[in-house]
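Structure first, then comments.
The values are calculated or read from the model by the stated rules, or taken from the named source; none is laboratory data. What you see is a predicted model, and the numbers here were worked out from it, not measured in a lab. Cβ: placed from backbone, ideal geometry, glycine included. Neighbour counts: every protein chain shown.
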Amino acid sequence: MRKILLILALFPALVLANPPTPGEPPFGDGPHHGKHHERGHEHGENFLPRFLHDVDLTEKQSSDIKALIKTQHEQLAAKDDATKAIHQKIQQLTFSKDYSEDKLVGLLDQAAASHKEHILQNTKLDNAIFKLLTPEQQQKLQSKLADVAH
């Protein structure tokens, strides 16, 4: 039982230690993989997700996508701080005389909810980006993603 709780305690911390960059799906080393830095601003204002490379975007599409990503970064900034605070509480509890599994489970629930919200926001962004593409661009992207999955 203790091993399971230890694994559960560490899992959200490991997952949230390097969350996916907004605008990029949260998996593997394919054309989507990118390192997330402080608040996701490592790419600057001209950032486009790697999965859009070779999709031949128009200037308007590129501009619209960059605006969506900028808005997403701004919305997630406060949530990132809250997530970090949860992880600090988990660490403090882990090395505290006040440690209890009930307290830990409560913090893990908060961390899981935060992670769920982060993924939800990223998938909404990805879908909004997808809807800005022409049917031909959508097909090209879907083919590219299918190739990466295999």
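Just give me the residues in the stretch 97-129 being under 13 Å from Leu52 (Cβ atoms) and touching a helix residue (DSSP H, G or I) at 6+ places or on another chain (Cβ under 6 Å), in sequence order.
Those that are under 13 Å from Leu52 (Cβ atoms) and touching a helix residue (DSSP H, G or I) at 6+ places or on another chain (Cβ under 6 Å): Leu125, Ala128, Ile129.
For the condition in a helix (DSSP H, G or I) and of a type in the set (D, E, K, R), what is the one hit in Asp98, Asp64? Quick ask: steps written out before the conclusion?
On the way: Asp98 fails: in a helix (DSSP H, G or I).
Being in a helix (DSSP H, G or I) and of a type in the set (D, E, K, R) holds for just one of Asp98, Asp64, which is Asp64.
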Taking the condition touching a Leu at 6+ places or on another chain (Cβ under 6 Å) and either closer than 30 Å to Ile129 by Cα or not acidic (Asp, Glu) (or both), does Lys89 pass?
yes
Does His73 count as in a helix (DSSP H, G or I) and either farther than 30 Å from Asp56 by Cα or modelled with pLDDT of 95 or more (or both)?
no
Within the stretch 75-91, take every residue that is among the hydrophobic types (A, V, I, L, M, F, W, C) and more than 13 Å from Ile119 (Cα to Cα) and give me the one that is farthest from the chain's Cα centre (by Cα).
Ile90
What residue, among those in the stretch 106-150 that are over 20 Å from the mean Cα position of the chain (by Cα) and touching a residue at least 12 places away in the same chain (Cβ under 8 Å), is surrounded by the fewest Cβ atoms within 10 Å (Cβ to Cβ)?
Lys140
